[in-house]
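Colleague: Here it is: the structure, laid out below.
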Amino acid sequence: QDVMDVEVKAQPPRVPWYERHVQPCLAELLGTALFIFVGCLAALEDSGGAGRLQPALAHGLALGVAVAVLGDI
């Protein structure tokens, strides 16, 4: 009777190695590539009067898009 009263605790599911190691690296690579690409394009497409504002806004917009798209990773 005492043996039947023992509670069994469920083990938490193990996270696959891909989600633990590869996905964060790919997200970091994609985010860095996005920042470099957008930053270089913003500096190349300087419209004269914008000065430092255009690359700053481009990087801010790229950060917002990256967080919205890759937020679940």
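Colleague: Suppose the chain between Val69 and Ala56 were pulled fully straight at 0.36 nm per residue; how much longer would it get relative to their current alpha carbon spacing? Could you put the intermediate results ahead of the total?
Modeller: On the way: separation 13, 0.36 × 13 = 4.68 nm, distance 2.00 nm.
Value of the extension gain: 2.7 nm.
Colleague: Can you compute the modelled spin-label distance between Tyr18 and Leu44, with each label point 7 Å from Cα toward Cβ, in nm?
Modeller: 3.4
The numbers here are math on the coordinates, done by the rules we state, and not lab data. Quantities reported herein were computed from a predicted structural model and do not represent experimental measurements. No Cβ is skipped: glycine too gets one built from the backbone with ideal geometry, and neighbour counts run over all protein chains shown.
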